[in-house]
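**Q** Take this structure, written in C-alpha cells, and hold onto it; I'll ask about it next.
Each reported figure results from applying straightforward, stated rules to the coordinates on display, with no laboratory input. All values derive from a computational prediction rather than experimental measurement. FYI the Cβ positions are ideal-geometry reconstructions off the backbone, even for glycines, and counts take in every protein chain you see.
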Ligand code: SF4
C-alpha cells in the first residue's frame with residue numbers, strides 16, 4: 001500500500017472527501033495549491049525562477065484557477081510572479097533541494113512530501129498567510145510533520161513562508177507589492193529603513209505585475225529593507241527513538257488504515273472541515289452543500305475522473321492497490 005501524510009490529513013479532515021478523492025478531482029485548483037506547485041518545482045530546478053514559471057504554466061494548462069474575485073489570467077500571473085520570487089528566496093536560504101525518496105514502512109511504502117538539502121537534512125515547505133506561535137505549533141503537530149518523522153525516522157525542518165492574507169484574489173505581502181518613489185519611479189521600498197523618516201504619502205503602492213522588475217532585484221530590495229527575515233522562518237523537529245509521540249503516531253497510522261478502506265462518499269459530512277482559514281474551502285462544497293441531491297457526474301464542469309482511474313472500468317486503478325494490503 002502506498003501511504004503519504006496527505007492521505008492521513010485528508011482522512012482526518014473528512015472521510016467523505018477521502019472517498020471522493022479516490023476517483024475524482026476538481027477541474028479547478030486553488031491559488032495556494034498552484035503557488036505550492038510553482039515554488040516546489042522551482043526549488044528542485046537548476047534555475048528556480050524558470051522552474052517556478054514552467055510549473056505554473058503547466059498547471060494552468062491542465063486546470064482552471066479557482067479565482068472568483070480576479071480574472072483567471074491576472075490570478076495566474078499574480079501567483080506565478082510570487083512563486084518565482086519565493087522559490088529564489090528559498091534557494092538562496094537553503095540551497096538546491098531534491099525530492100525525498102520513498103521509504104518502506106513495514107509492508108507498506110511511504111511517499112514523503114519533503115525535500116532533501118545537499119547536506120542531507122529534510123525540509124518541509126509550508127506556505128501560510130502569517131507566522132505566529134499557533135501556526136508553528138499547528139504544523140508541528142500535523143501528519144505532514146509527525147507522520148513524516150514516524151515514517152522516515154529522521155529530523156524534519158519546517159520552513160515557513162508568510163505569503164500574506166488573500167483579499168480580492170491577491171496576496172498582500174512584500175512578495176507581491178511595494179512602494180514606488182513619487183518621482184524616481186525606479187526606486188522601490190518595502191518599508192521604512194532604520195533612521196529614515198519613513199515613506200511620505202507621495203510613495204505609491206504598486207503590485208509586482210505593474211512594474212517591470214526582475215525577481216532577483218525585487219528580492220535584493222526586500223532584503224535591503226529588512227522585511228525578508230520575518231517572512232521565512234524555520235523550526236527543526238527532532239526525531240528520537242524513545243519519543244512516545246512518534247511511537248503513538250506509528251500505531252495510529254496502522255489503526256487508521258482500515259478506516260480508510262471503509263470511507264465512502266456517503267460518510268457523514270465533517271462540517272467543521274468544509275472551510276479552513278489556511279487551506280481555503282473544500283473543493284467538494286458544490287456537491288455536499290447543494291440544496292438538492294446531486295451526483296458528481298452531473299457536474300463535469302467542476303469534477304473529472306482522476307487520470308489514474310477510468311470510468312469504464314469503474315475500478316479505480318490506485319484504489320485496489322491502495323487497499324489491497
Ligand atoms: S465539503 Fe465538507 S463534508 Fe463535503 S467533502 Fe468537503 S469537507 Fe467533507
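**Q** Expressed as cubic angstrom per residue, what is the convex hull volume of the alpha carbon set of region 170-225? Walk me through the numbers before you get to the answer.
**A** Numbers: hull volume 4.7 nm³, N = 56.
Considering the Cα atoms of region 170-225, their hull volume per residue is 84 Å³.
**Q** Starting with the highest mean, order 6-17, 127-138 by the number of other Cβ atoms within 10 Å, averaged over the residues of each peptide. Display every interim value, and only then the final one.
**A** Numbers: 6-17: 19.2, 127-138: 14.2.
Ranked from most to least packed, the peptides come out as 6-17, 127-138.
**Q** For residue 184 and residue 108, FRET efficiency with R0 = 56 Å and r from the beta-carbon atoms, rounded to 0.05? Mind showing how you got there, number by number?
**A** On the way: r = 60 Å, r/R0 = 1.08.
After rounding, the FRET efficiency stands at 0.40.
**Q** Still on this structure, please answer the following. Let me make sure I get this right: for region 1-83, a, b and c are the square roots of the gyration tensor eigenvalues over alpha carbons, sorted descending. Under 1.5 in a/c it's rounded, otherwise prolate if a/b > b/c, else oblate. Which is it? Walk me through the intermediate numbers first.
**A** Working: a/c = 2.56, a/b = 1.46, b/c = 1.75.
Verdict is oblate for region 1-83.
**Q** Same structure, new question: Using all Cα-Cα distances in region 122-279, what percent lands in each 10 angstrom bin from 0 up to the longest?
**A** It works out to 9, 26, 26, 19, 13, 6, 1, in whole percents.
**Q** So if R0 is 41 Å, what FRET efficiency would residue 264 and residue 121 give, r being the distance between their Cβ atoms, rounded to the nearest 0.05? Kindly include the intermediate steps, with their values, before the conclusion.
**A** Values: r = 40 Å, r/R0 = 0.98.
Rounded to the nearest 0.05, the efficiency is 0.55.
**Q** Which of these, 90, 70, 43, has the largest mean-square fluctuation under a Gaussian network model of the chain (Cα springs below 10 Å)?
**A** With Cα springs under 10 Å in the chain, the top fluctuation among 90, 70, 43 is at 70.
**Q** Here's another thing I want to ask about it. Can you give the log10 of the normalised intensity I(q)/I(0) at q = 0.08, 0.09, 0.11 Å⁻¹, computed with Debye over equal Cα scatterers of the chain?
**A** -0.42, -0.53, -0.79
**Q** I would also like to ask the following. So, in nm, how far is label residue 274 from label residue 167 when the simple model puts each one 7 Å beyond its Cα toward the Cβ?
**A** 2.7 nm
**Q** Taking the beta-carbon count within 10 Å as an exposure proxy, list 146, 206 from fewest neighbours to most. Mind dumping the intermediate values first?
**A** Numbers: 146 23, 206 15.
By the 10 Å Cβ count, ascending: 206, 146.
**Q** If each residue of separation counts as 0.36 nm, what is the full-extension length gain between residue 252 and residue 132 once their alpha-carbon separation is subtracted?
**A** Values: separation 120, 0.36 × 120 = 43.20 nm, distance 2.81 nm.
Extra length available between residue 252 and residue 132 comes to 40.4 nm.
**Q** Nearest 5 is fine: what % of DSSP beta bridges in the chain come out antiparallel, could you say?
**A** On the way: 25 of 36 bridges.
Here the antiparallel bridges make up roughly 70 percent for the chain.
**Q** Arranged by the count of other C-beta atoms within 10 angstrom, fewest first, what order do 276, 250 take? Write down the numbers at each step before the final one.
**A** Numbers: 276 11, 250 16.
Ordered from fewest to most neighbouring Cβ atoms within 10 Å, 276, 250 come out as 276, 250.
**Q** Calculate the length of the line joining the C-alpha centroid of region 160-237 to that of region 69-116, in whole Å.
**A** 22 Å
**Q** Further, regarding this structure: Highest GNM mean-square fluctuation, the chain, Cα pairs closer than 10 Å: which of 125, 65, 256?
**A** The residue that fluctuates most here is 256.
**Q** Take peptides 148-154, 45-51 and line them up by average Cβ neighbours within 10 Å, highest first, as a rough protection proxy. Present the calculation step by step, with values, prior to reporting the outcome.
**A** On the way: 148-154: 21.3, 45-51: 17.9.
By packing density, highest mean first, the sequence is 148-154, 45-51.
**Q** What is the packing order of peptides 215-228, 22-35, taking the mean over residues of other C-beta atoms within 10 Å and listing the highest first?
**A** Values: 215-228: 16.9, 22-35: 20.1.
With the highest mean Cβ count within 10 Å placed first, the list reads 22-35, 215-228.
**Q** Under a point spin-label approximation (7 Å from Cα along Cα-to-Cβ), what is the residue 242-residue 74 distance to one decimal in nm?
**A** It is 6.0 nm.
**Q** Quick check on region 53-174: take the gyration tensor over C-alpha atoms, sort the square-rooted eigenvalues as a ≥ b ≥ c, and tell me if it's rounded (a/c under 1.5), prolate or oblate.
**A** Numbers: a/c = 1.88, a/b = 1.66, b/c = 1.13.
Prolate, because a/c is 1.5 or more and a/b exceeds b/c.
**Q** Describe numerically, in nm with one decimal, the distance between label points set 7 Å from Cα along Cα→Cβ at residue 229 and at residue 9.
**A** 3.0 nm
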